[in-house]
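What follows draws every value from the coordinates through simple rules; no lab data is involved. Everything numeric in this text was worked out from a predicted model, so none of it was measured. Cβ atoms come from the backbone with ideal geometry, glycine included; neighbour counts cover every protein chain shown.
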Amino acid sequence: MSLTLDEVHRIAVLARIEVSDEQALATQAQLNDIFALIGEMQAVDTAAVEPMSHARDLTMRLREDVVTEHDQRELFQSIAPRVDDGLYLVPKVIE
């Protein structure tokens, strides 16, 4: 697929941008190069390629899920301006 100069001008009108004939020619060449690259990529047989979540075969190093800090909730709530039933109360900011 390749774009004509008229199609480039039509796209510019739809995008509400002003392009000169020189800019349209340069844009046409760039877009046609992009379409050619897409065509090459679509021609590659990927039927035997398994989907993967990352380009490299990586495994996440996970840490053990253990509590490392002691509970300081009472301490933090004792210095809060307003607390009710274990919840922090804040001023209403949206009316």
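For R10, state whether it is surrounded by 10 or more Cβ atoms within 10 Å (Cβ to Cβ) and of a type outside the set (G, A, S). Please lay out each step first, then the result.
Working: surrounded by 10 or more Cβ atoms within 10 Å (Cβ to Cβ): yes; of a type outside the set (G, A, S): yes.
Answer is yes for this residue.
Might you let me know whether segment 37-46 holds any residue that is touching a residue at least 24 places away in the same chain (Cβ under 8 Å) and either within 33 Å of the chain's Cα centre (by Cα) or in a loop (DSSP other than H, G, I, E, B) (or both)? Please lay out each step first, then the result.
Of all residues in segment 37-46, those touching a residue at least 24 places away in the same chain (Cβ under 8 Å) come to 39.
Subsequent filtering for residues that are either within 33 Å of the chain's Cα centre (by Cα) or in a loop (DSSP other than H, G, I, E, B) (or both) retains 39.
Looking through segment 37-46, at least one residue is touching a residue at least 24 places away in the same chain (Cβ under 8 Å) and either within 33 Å of the chain's Cα centre (by Cα) or in a loop (DSSP other than H, G, I, E, B) (or both).
Scan segment 13-31 for residues that are surrounded by 12 or more Cβ atoms within 10 Å (Cβ to Cβ) and among the hydroxyl-bearing types (S, T, Y) and report the count.
1
Please indicate, with yes or no, whether at least one residue in segment 4-15 is outside any helix (DSSP H, G or I) and touching a residue at least 24 places away in the same chain (Cβ under 8 Å). Lay out the reasoning, then the answer.
So the first thing to find is which residues in segment 4-15 are outside any helix (DSSP H, G or I), and the list is 4, 15.
Within this subset, residues satisfying the condition of being touching a residue at least 24 places away in the same chain (Cβ under 8 Å) are 4.
Yes, some residue in segment 4-15 is outside any helix (DSSP H, G or I) and touching a residue at least 24 places away in the same chain (Cβ under 8 Å).
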